[in-house]
Every structure is written in C-alpha cells, then in structure tokens.
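Notes follow the structure.
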Amino acid sequence: MTADDTTLNASAPWLEVDALIDDPRTRIVVCCGSGGVGKTTTAAALGVRAAERGRKAVVLTIDPARRLAQSMGISELDNVPRQVKGVDDAAGGELHAMMLDMKRTFDEIVEGHADAERARAILENPFYQSLSAGFAGTQEYMAMEKLGQLRARDEWDLIIVDTPPSRSALDFLDAPKRLGSFLDGKFIRVLMAPAKVGGRAGMKFLNVGMSMMTGTLSKLMGGQLLRDVQMFVAAMDTMFGGFRTRADATYRLLQAPGTAFLVVAAPERDALREAAYFVERLAAEQMPLAGLVLNRVHGSGASQLSAERALAAAETLTEHAAEEAETAAEERAAAQESEAGTRPDPAPSPAAGPVAEAAENLERNGIMDHDGGKNGSRTVGGLSPAAPAAHPAPPTASAAQLATGLLRLHAERMQVLARERRTRDRFTALHPEVPVTEVAALPGDVHDLTGLRAIGARLALDPADGDMAPPQP
Amino acid sequence: MSRLHVVSGKGGTGKTTVAAALALALATEGRRTLLVEVEGRQGIAQVFETEALPYEERKIAVAPGPDGASAGDSARGGGGRRAGEVHALAIDAERALLDYLQMFYKLGSAGRALKKLGAIDFATTIAPGLRDVLLTGKACEAVRRKDKHGAYVYDAVVMDAPPTGRITRFLNVNDEVAGLAKMGPIHNQAQAVMRVLKSPETAVHLVTLLEEMPVQETADGVAELRAAGLPVGGIVINMTRPAVLDTEDLDIAARSARTGVARALSQAGLGGARRGGLAERLIDPLLEQAREHAERVDLERAQHAELTAIGLPTYELELLPEGVDLAGLYRLARDLRKQGPI
C-alpha cells in the first residue's frame, strides 16, 4: 500500500469545483443525493466559496440544521433571500441565502395567478390548506418553483440549490411533472364537471356515467371532502395552464447548459448506490451532470503503514507489556516476600488492566500477523535504551500503552480507508466518466462560516497537489 | 409490550438496518414478526440480500432460537427450542388502495375505471395524506389480524418508517385526514388507524448516530411525537465505536511521551526511534489521527449526554467495520436482544 492509494484513482477524472463555480456560464448548481450525506453543507460551502471568488450567489436551502442556518443568518423562515454577513467581498462577490417555506411559496403562486377573491377562496379551502402544508411531492415541487422564481429575478449570477430530503433523491425531478400531469388529467375534468354546471346542486344534471363516477368518489371520500376538492379544483381552474407552463419551464431550466448537477454522496454502499441511480437518471433526462462530490472521505498521513502491520505491532507491544508487568509483579512479590516474609501480593501492576483490555480488543478485530511483526523487528535500528530524552522519561508502560492505542486507531483508520475505496471503486467502475472530488472527513459538524470555508477549500482541492493536507487559509 | 414498532431516524443513520435487526430480535422463541417498508425503496430486500419484494407478505428469514438456552422456552408450544420467523412486506400505496376498495366496496370494475382515470394515482401521490393513511392503515391491519383461533397472526410488526423529519406528520396524518374528511369511510378508516397508533400497543423508536445533527433531530423528533400524543419507545444509538484514547491521553502524549512512544513503536518493529527514523516519522501522522479520534470521542460523549437527558431507554449498536452483511445483521439482532426488551 502506498501513499498514492489514498488519492483518486487515475480512472476517475477530477471534478474541478473552482472551474465550475468561476465559469460565468454556470448559473445554477443543483446539489442532490440521498439523506444524510451533507447536501446542505455542500451547497452552503459552495455558496461561500463562489461569493468569495467574486460571484453574486444565492443559496436556496430546504431544511438546514439549526446552527448552520443561524451561522448564515437565515434562521428566519421568511422565504426571502438575505445577505450573509461575514463573507469576504474583496473579490466583488456577495452571498445571499434563504430557507424554503413551501406553504408560503405555494400561497404566493396562488396570489400571483388569481384575482383577490378567487385567491382567498383557494387559500381558505381546507383541501388546499392540507395540500400546501407539505404532503407528498409539495416540497419538491415548491423547491423547483422557487428556483424558477429566483432565476427569473435575475438578481444573482449563480444560484445554488439544495434538494429536499426525499424518500428518494429522484423525487424532485418527478414532482413538477406529476403535478402537471395530474392537473391536466381526465380525473380533474371529472371532478370539475359538477362544479362547472352549478356547484353542489349541479350533480344531478350530469350524465349517468359521470354521475356514477362522482357517486363512487363521493362514497369513497365522503361528500364534504369531495365538495372541498371540487371547489378547490374549480377555483384553481384558471391557474392550471400556468402551473403546467411553469412545470415545463422549470424542467427545461434544469436541462439548460447553464445548469450543473452535483451528486453528493458519502463513501457508503447505500449512498453511492443512490448516486449511481441518479447519474443514470440525469443522463436519461438529458440533464447536465457536473460530477460527484464524495463527502467525509477518510485519509491517513501514515498510509505506508498497513492495518495488518499496525495491528501486529500493537500486539507485540501488548505482549511486551504483559511480560514486563508479570516480571514486575514477580519482582515486587519477591521483594515483598523478602521484606515481610509472608503474604505475596497477587495484584497486577496498574498497567495490566488496560493492556489486557487492549489485547481483547485486538482479538475482536481478528487480524493478527505475528510474522509481520517479527519480520519488522529485523529492521529495528533505534532500540537503544540510551536514546536521549529531552523530557523526563515517562513510565514505559504508559508510553507503550499510548503507542498501542495509536497503532490500533491507525489500523481502524486503514480499514475504513480500504472499505471506502472499495465502495468508491465500484461506483467509478460503473460510471468512469463521472468526475469526482473528495472531501476529507472532519471530526465534528460544521456550523460557521470558517467551517464552510474549510469545506469549500477541500471541495476545490486538487488531489494531485495535497493528498488530504489541511487546506491553507 | 408493544406490538407495532415504528422505526424512524435521520437519513443515513441506518434505520432500515436497525428495523431489520429489530424484526429478527423480536422473532425468537417461535415468534413471528412482520417487517414492513413504506417508501418503495426495496431497502429490506437489500438488507436481507434477496431479490426485490413484491406486494405480498412472505417469509424472509428464520431467526435463531434464544442464545445459549437449548431448551426451556415454553412460552409458546413448549416444544423446546423453536426458531422464529421474519416475514416482510413492501407496502405499495396504489395496490393498498385497490385492495381496500375491493375489500370494502367490491369495486371490481369501478376500481379499474378509477385507475384509468388517474384517480388512484391522484389519491396515492397527490391527495393530502391519503397515501399515508393507506400505508399506516395496512401496517395496523397486520397488527390486528387474527387467525381462525383468535390468535394474532404476527406477534409484532416492525415498520421501516419515513425519516425523523417527516415521521410525526406521517403518523399523525390520520388526524389530519380525519379533520379534512369530517365523515365518511376515509374518516372512519383514519380514526381506526389513529386509535392503534396512539395506543400503548405502538412504540416509535428513533435511530441516531452520536453526531450533532442526528442527535438534535432526535431530540426535536421526540418532542414532536410527544406533542402529537404518539407513544415514543426507545432511542437506538447506531454505529458506536469504542473510545481508544481521549483528549486527556493526548495531552500526556503531547507533553512527555513522544520519545517513549517512538521507542515503543521502534520496539514493536516499526523502524528507528531517533529523529528521522521510520518510527519517529510515524508519530506525527499517528498523533494527528489520534487527535481527530479524541476530538470525536469528546464530541460523542457530549452527544451521548444529550440523548440520555431525553429520558428514554437507549440501545447501542456497534459499528461493524466491514459494513452490515447478513451475518452482521444477525449479530446486531443478538446485540439488541441482549439489551433487554425494546
């Protein structure tokens, strides 16, 4: 295993994030992927980086973690982009951010498309109130609607969109079409029929087939719900064309050359499987994929030391420590015996407890390579106990214990690395054409601009330059 | 003891895996459990490494007998050690609606006509809450189903539910629909389902990791569920890792033990301990990794304390370094069982 192993495969092209966000032709970046992979953080980090590199950017987030929202000053759900303070404007850029309020977005569409009286009738309709409060598909539809609105305002030269935490990452692509096809469908016409011929009383004037159908619907839904739906549909009638046109326009916007999709994933089986589906789906829909952002990838500064060797070395140390503890205990017992001449002390040295525990943990990991350790010891050069110590020498047991811990941690890290690489390689084998950028894992969560800047730097880091090196400010 | 276990959690916390492990864990001593999924993702099939599940209850796994005990589980049948069974069902809202129409209204051809018209599609994808009533309704039906001797067909039903952010609305949707449809069959169905969901027969469990966002979502989720009057069960802390070192150890390392550690590494056969020696050069990267680890351990301890403060029973499942395969799933089930009734 060499240090090169932790960098990208030669077969996966590198996703040049800076080139993407610096290009004035890039107008929309859509971050998509399954839940829990860091979409929102990625979108926010891209926004900060783009703004600090001179773009006038806006980030549309759907459901940001509270502290992340606070750090960007968008904890208020007012559906309006707010300028983010603290972003470096030296390059002439600025950053705005907003959090989607889907009910409000829906209300605005209604208000914008109907006269005041009709709008009120819709807004007060119980069916509409449930629909707009966020049932299947509404959030996805409204996210795309808001994207269309932001684009139409033309106030920003780069819009970065986060996508809703859907049951499937693909839902937001389908939502506009689904709503559109429903609104155009036959079912709507059936529902509309009685309302058109005179509301509730109109039922009886319908032809027999139609009335049988509405009769069935009434039986299923209950008369009152059916009437609410009918009134809703009737009130929305004039807006249907508008809805359909907007859904189509949003869809075309997503296909436009100025749009770039970033599929976000973590190096885990499920997330990458979802990512692969997404890549295929985008291709089928002729939507422009910029590449894959692989978040939370682990690296190691000591990747020349394999997991097996680290474990073997840890085990050697544990054995040494156990031997020494035994010798020490024997010596102490002997000393006590000669002093008191009576009771030998069977208590183990203080080091024996943790050491035994470490040995047990090692066994659980199940990889022990005795030969490796012994082969290694042939190359030992610095075993001299006379090595100069700048500080007072610590008790050997504690240093050995610490070293054992470090080695075990390293072995664990190398195993994670290997698993992540296998998962990533599987994706790359399926989609060798997709450019990839990897973002090194951080120990904690990100919830301030400094953290977002660090993520941005990692996003843009050329794997050839610095393998997992901490980004320079 | 609960008979309907609803398993939710933030995306990426492994709720499907935990739901599957729970279904296995509950299926001891000849018990039979049903694992249902409601989001059409075929997650169960992936976890159990089988082909995609149809809309049909089928046996998916046999649970091992009680650990260690070779006999004496006389709770059911008394015939010594009996294996349990996990059945699985991927609920499809459209099929559930057609079934429902057939069952209650005998709408053979009218149902097909409705489908052709787009009404079924409307009802299951766009109409507020209907989809969720159908999905939860099907699960509740399985909970209440009895055989001809009057015994429950399933001892427990485990639902791999939508994520924490949507769980309260998903389960409470029956209330919402009941408010929307003030009478009629949808109203009645919703009421019936809600009675099961709010009864002590049901427990909603939340899966989390020891990370800030999932823990925050768990706390919010518990508050929301409680406010909606839904019974909260336990918190499953998934993918825990043993703490090898903490920041205190590292302080010691930084202050004094550097030379000693170099010597120990060298002693273990990893090269020279002098400046520039192989072992000495390992120290910085190893310490850096240890620092990251220790930082995470500290963070995890803080998150753990926050979870404990919620005041619900917690269950812990260790991270399986090689990922969860079928053997890993059985191991998780065993670990769950060891931690007492859930």
Could you grab the pairs with beta carbons closer than 8 Å, sequence gap of 6+ or different chains, first residue in the stretch B:155-172 and in a helix (DSSP H, G or I), second one open to solvent by 10 Å² or more (accessible area, probe 1.4 Å) and among the basic types (Lys, Arg)? B:164/B:10; B:165/B:10
Here are A:221, A:239, A:210: which of them is at pLDDT below 70 and surrounded by fewer than 17 Cβ atoms within 10 Å (Cβ to Cβ)? A:210
Single unsatisfied condition, residue B:291 versus (1) of a type in the set (D, E, K, R); (2) within 27 Å of residue B:322 (Cβ to Cβ); (3) within 7 Å of another protein chain (Cβ to nearest Cβ): (3)
Tell me, yes or no, whether the stretch A:83-92 has at least one residue that is at pLDDT 85 or above, crowded, with 17+ Cβ neighbours inside 10 Å and farther than 28 Å from residue B:182 by Cα. yes
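Yes or no, residue by residue, for (1) among the polar types (S, T, N, Q); (2) open to solvent by 30 Å² or more (accessible area, probe 1.4 Å):
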position: A:420; (1), (2): no, no
position: A:425; (1), (2): no, yes
position: A:445; (1), (2): no, yes
position: A:450; (1), (2): yes, yes
position: A:457; (1), (2): no, no
position: A:463; (1), (2): no, yes
Could you identify the single residue in B:193, B:207 that is modelled with pLDDT of 85 or more, touching a Cys at 6+ places or on another chain (Cβ under 6 Å) and crowded, with 24+ Cβ neighbours inside 10 Å? B:193
Only one residue in B:263, B:331, B:275 is in the same structural domain as residue B:47 (by TED's automatic domain parsing), open to solvent by 50 Å² or more (accessible area, probe 1.4 Å) and free of Cβ contacts under 8 Å to residues at least 24 places away in the same chain, so which one is that? B:331
Within the stretch A:425-453, work out how many residues are in contact with a Ser or Thr (Cβ under 7 Å, 6 or more places away or on another chain) and part of a loop (DSSP other than H, G, I, E, B). 4
Which residues, counting only those in the stretch B:138-169, are at pLDDT 90 or above and of a type in the set (Gly, Ala, Ser)? B:139, B:142, B:150, B:151, B:156, B:161
Confirm whether residue A:458 is touching a strand residue (DSSP E or B) at 6+ places or on another chain (Cβ under 6 Å), part of a helix (DSSP H, G or I) and free of Cβ contacts under 8 Å to residues at least 40 places away in the same chain. yes
Selection over the stretch B:39-53 where residues are within 11 Å of chain A (Cβ to nearest Cβ) and either aliphatic (A, V, I, L, M) or buried (at least 16 other Cβ atoms within 10 Å of the Cβ) (or both) yields a count of 5
Where residues in the stretch A:398-415 are more than 7 Å from chain B (Cβ to nearest Cβ) and either open to solvent by less than 30 Å² (accessible area, probe 1.4 Å) or on the phi > 0 side of the Ramachandran plot (or both), which of them is nearest to the chain's Cα centre (by Cα)? A:414
Which members of the stretch B:287-314 meet the condition of being of a type in the set (A, V, I, L, M, F, W, C) and touching a residue at least 24 places away in the same chain (Cβ under 8 Å)? B:287, B:290, B:294, B:297, B:299, B:307, B:310, B:312
Restricting the stretch A:27-62 to residues that are in a helix (DSSP H, G or I) and β-branched (Val, Ile, Thr), which is surrounded by the fewest Cβ atoms within 10 Å (Cβ to Cβ)? A:40
Per the list (1) more than 9 Å from chain A (Cβ to nearest Cβ); (2) touching a helix residue (DSSP H, G or I) at 6+ places or on another chain (Cβ under 7 Å); (3) open to solvent by 30 Å² or more (accessible area, probe 1.4 Å); (4) of a type in the set (D, E, K, R), residue check on residue B:160 breaks on (3)
Take the stretch B:247-260 and flag every residue that is open to solvent by less than 70 Å² (accessible area, probe 1.4 Å) and either in contact (Cβ under 8 Å) with a residue 12 or more places away in the chain or aromatic (Phe, Trp, Tyr) (or both). B:247, B:249, B:250, B:253, B:259
Expected single match for in contact (Cβ under 8 Å) with a residue 12 or more places away in the chain, open to solvent by 20 Å² or more (accessible area, probe 1.4 Å) and either assigned to a loop (DSSP other than H, G, I, E, B) or in the same structural domain as residue B:139 (by TED's automatic domain parsing) (or both) among B:244, B:215, B:222 is B:244
Which numbered condition trips up residue B:9, out of (1) surrounded by 24 or more Cβ atoms within 10 Å (Cβ to Cβ); (2) more than 12 Å from chain A (Cβ to nearest Cβ)? (2)
Please go through the stretch A:98-126 and pick out each residue that is in contact (Cβ under 8 Å) with a residue 24 or more places away in the chain and either more than 30 Å from residue A:64 (Cβ to Cβ) or not assigned by TED's automatic domain parsing to the domain that holds residue A:82 (or both). A:114, A:118, A:121, A:125, A:126
Exactly one of B:186, B:283, B:235 is β-branched (Val, Ile, Thr) and at the interface with chain A (Cβ under 7 Å from one of its Cβ atoms), and that residue is B:186
Residue that is farthest from residue A:303 (Cα to Cα), among those in the stretch B:288-342 that are of a type in the set (Val, Ile, Thr) and either part of a strand (DSSP E or B) or at pLDDT 95 or above (or both): B:310
Residue B:151 vs. criteria aliphatic (A, V, I, L, M), away from chain A (no Cβ under 11 Å) and open to solvent by 30 Å² or more (accessible area, probe 1.4 Å): yes
Would the stretch A:103-110 turn up any residue that is within 14 Å of chain B (Cβ to nearest Cβ), farther than 18 Å from residue B:11 by Cβ and assigned to a helix (DSSP H, G or I)? yes
Out of all the residues in the stretch A:258-303, which are open to solvent by 40 Å² or more (accessible area, probe 1.4 Å) and in a strand (DSSP E or B)? A:289, A:296
Test result for residue A:95, in the same structural domain as residue A:58 (by TED's automatic domain parsing) and either modelled with pLDDT under 90 or touching a His at 6+ places or on another chain (Cβ under 8 Å) (or both): no
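The values are calculated or read from the model by the stated rules, or taken from the named source; none is laboratory data. Keep in mind that this is a model prediction, so the values were computed, not measured. Quick reminder, even Gly has a Cβ in these numbers, built from the backbone with ideal geometry, and neighbours come from all protein chains shown. These accessible areas exclude ligands, DNA and RNA; they are computed on the full protein's heavy atoms, side chains included. Shrake-Rupley method; radii C 1.70, N 1.55, O 1.52, S 1.80 Å.
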